[in-house]
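Down below is the structure, laid out as structure tokens.
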Amino acid sequence: MRDNRVHGIIFSNMHDHALSELTEKRTMGSIPIGGRYRLIDFILSNMVNSGISDIGVVTKSNYQSLMDHLGSGREWDLARKKGGLCILPPFGHAGSGIYRGKLEALHGILGYIRHSQAKYFVLADCDVIANIDLKKAVDQHVDTGADVTILYKKGLNMPETVQESTVFEIDETGRVTDVFINPQISGECNINLNMYIISKDLLEKVITETSSRNLYSFRKDFLQASVGKLWFQGYEVKEEARKINCMKSYYEANMAMFDEDLRNSLFLKDRPIYTKVRDEVPTTYGLSAKVSNSLVADGCVIDGEVENSIIFRGVQIGKDAKVKNSIVMQGTTIGEKANLDYVIIDKDVTVSDSRMLMGFSTYPIFISKGSIV
């Protein structure tokens, strides 16, 4: 695959409402995960590892932390004089304000798309953690001659816990024959990973036609409306892939990082997941520290007990404190003799001495950014 024939477009915010607690002060793409990563790191690294060197990141609101994380794109080898990483701020429309859906967002960057020299575009959201070889998907798209190739994963659909989902009916040839939005069906389904491969010419045509009809929903106004008219070809992702579409799935995805098989399938030597590098001192463990089955980033000071937890950079855990089954984000301070179990703590939180916070595996407590408990 030639590097210059595919252009990537990443939507950083399309599912902010699904994790409203975490996206109150940040966009979906910059949600921390796994101790040192952000959600956007996975799809961005997938594209770079697949030879895509021109990537536009579409933003909407609360994207300051995303811009701080991405910077010039140097960590992903995208800091280039020509092409590379491009941050695409929201483009408002008279009468409708900032875009309402993916089609309107694409219309706002239509000039950017037309300026591209690529023949194909890969469109993707930030709600999937996976290590996918997109080269194979693009090659299939070219070989089949399909109008749109849609990446999907066979998995369980649980409408009672997931805020939104799109599932496909796919025939024996791999062609998508029907599209269901938020179906009230449980069991194994062909679940949309919100990744699409489409030619530049068709993409421009879709954007202009839907804009002229004031349509904005990619799923409803394009996928459902065109499934019988255009050739939608499915591409089954065999690699490990987890959708982050509710707080429960976010918590479970983090806890799954303790599984060695999952880590080995996500973090490959030949297709690494890149992230912003911070030069911090190693973590300091006090004489009374006890840490087991946990992921601990650098720059921490731990004097208490940590078990089955993910600890981000710069966290301080006081003496005789106990942190179990929890996610503690960057810059948080946990006081002495505090007791935490099944808790998600956002950045820069202070938990005072002797505080007790208890959640449950299916309903962890969430403490918002900058809180004092």
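Only the coordinates and a few stated rules stand behind these numbers; no lab work does. As the structure is a computational prediction, the values presented were derived from the model and not from experiment. Don't worry about glycine lacking a Cβ; one is built from the backbone with ideal geometry, like all the others, and counts go over all protein chains shown.
Using a/c under 1.5 as the rounded threshold, could you call the stretch 253-303 rounded, prolate or oblate? The axes a ≥ b ≥ c are square roots of the C-alpha gyration tensor eigenvalues, and prolate needs a/b larger than b/c, oblate otherwise. Oblate is the answer for the stretch 253-303, as a/c is 1.5 or above yet b/c matches or exceeds a/b.
Placing +1 on each Lys and Arg Cβ and -1 on each Asp and Glu Cβ, with no other charges, gives the stretch 19-94 a dipole about its Cα centre of roughly 200 debye.
With θ taken as phi - 60° and the Karplus curve 6.51 cos²θ - 1.76 cosθ + 1.60 applied, the whole-hertz 3J(HN,Hα) list for the stretch 35-40 is x, 8, 10, 10, 4, 5 Hz, x standing for glycine and proline. Semi-axes of the equivalent ellipsoid of the stretch 218-272: what are they in whole Å, largest first, if each equals the square root of 5 times a C-alpha gyration tensor eigenvalue? For the stretch 218-272, the ellipsoid semi-axes come out as 32, 17, 8 Å.
With a/c under 1.5 counting as rounded, go ahead and sort the stretch 288-341 into rounded, prolate or oblate using the C-alpha gyration tensor (a ≥ b ≥ c being the square roots of the eigenvalues; past the cut-off, prolate if a/b is larger than b/c, else oblate). The shape class here is rounded. Residues whose amide H comes within less than 5 Å of that of residue 84, counting only those at least five positions distant or on another chain, are 54, 55 (H built at 1.01 Å from N in the peptide plane). Among the lysines, which fall within straight-line cross-link reach of residue 153, defined as a Cα-Cα distance under 18 Å, with same-chain neighbours fewer than 8 residues apart omitted? Answer for residue 153, where 18 Å is the Cα cut-off: 135, 136, 238, 243, listed by chain and number.
The stretch between residue 213 and residue 169, if pulled fully straight at 0.36 nm per residue, gains 13.1 nm over its current Cα-Cα span. At full extension, residue 288 and residue 239 could sit 13.6 nm farther apart than now, given 0.36 nm per residue minus the alpha carbon distance. Using only side-chain charges placed at the Cβ, +1 for Lys and Arg and -1 for Asp and Glu, the dipole size of the stretch 1-59 relative to its Cα centre rounds to 140 debye.
Dipole size of the chain about its Cα centre, with +1 on Lys/Arg Cβ and -1 on Asp/Glu Cβ: approximately 960 debye, rounded to the nearest 20. Post the alpha-carbon centroid distance, the stretch 268-341 to the stretch 348-371, in whole angstrom. The distance from the Cα centre of the stretch 268-341 to that of the stretch 348-371 comes to 15 Å. In the stretch 1-158 the Cα-Cα distances spread across 5 Å bins starting at 0 as 2, 8, 18, 21, 22, 16, 9, 4, 0, 0 percent of all pairs. Note on residue 264 and residue 156: the model spin-label points, each 7 Å out from Cα along the C-beta direction, lie 2.4 nm apart.
Taking each DSSP H run with n ≥ 4 as -39500 (n - 2.57) and averaging over every residue of the chain yields -5500 deg cm²/dmol at 222 nm. Shown in residue order for the stretch 177-183 are the 3J(HN,Hα) couplings computed by the Karplus curve 6.51 cos²θ - 1.76 cosθ + 1.60 at θ = phi - 60°: 9, 7, 10, 10, 9, 6, x Hz (x for Gly and Pro). Under 5 Å from the amide H of residue 339 lie the amide H atoms of 322, 355, 356, 357, each residue being 5 or more positions distant or on a separate chain, with H modelled from the backbone and absent for Pro and chain starts.
When only Cα pairs below 8 angstrom with a gap of at least 6 residues are kept, the chain shows a relative contact order of 15 percent. Note on the stretch 255-373: Cα Rg divided by 2.2 N^0.38 Å, N the number of residues, gives 1.06.
Relative protection proxy for 113-119, 11-17, from highest mean packing down: 11-17, 113-119 (other beta-carbon atoms within 10 angstrom). Give me the Debye-computed log₁₀ of I(q)/I(0) at q = 0.17, 0.20 Å⁻¹ for the stretch 186-278, equal point scatterers on Cα only, no solvent, two decimals. These q points yield log10 I(q)/I(0) values of -0.99, -1.11. The peptide list 99-108, 69-78, 38-47, put in order of mean Cβ contacts within 10 Å with the highest first, becomes 38-47, 99-108, 69-78. Computed 3J(HN,Hα) for the stretch 233-246, one whole-Hz value per residue from the Karplus formula 6.51 cos²θ - 1.76 cosθ + 1.60 where θ = phi - 60°, is 9, x, 10, 6, 7, 7, 5, 4, 8, 10, 8, 9, 10, 6, glycine and proline marked x. Across the alpha-carbon set of the chain, the Rg to Rh ratio works out to 0.99, Rh being the Kirkwood radius. The lysine pair tally for the stretch 314-373, using Cα distances under 20 Å and a gap of 8 or more places or different chains, is 7.
Length gained on full extension, residue 20 to residue 220: 69.7 nm, using 0.36 nm per residue less the C-alpha separation. For the pair residue 79 and residue 308, label points projected 7 Å from Cα toward Cβ lie 4.2 nm apart.
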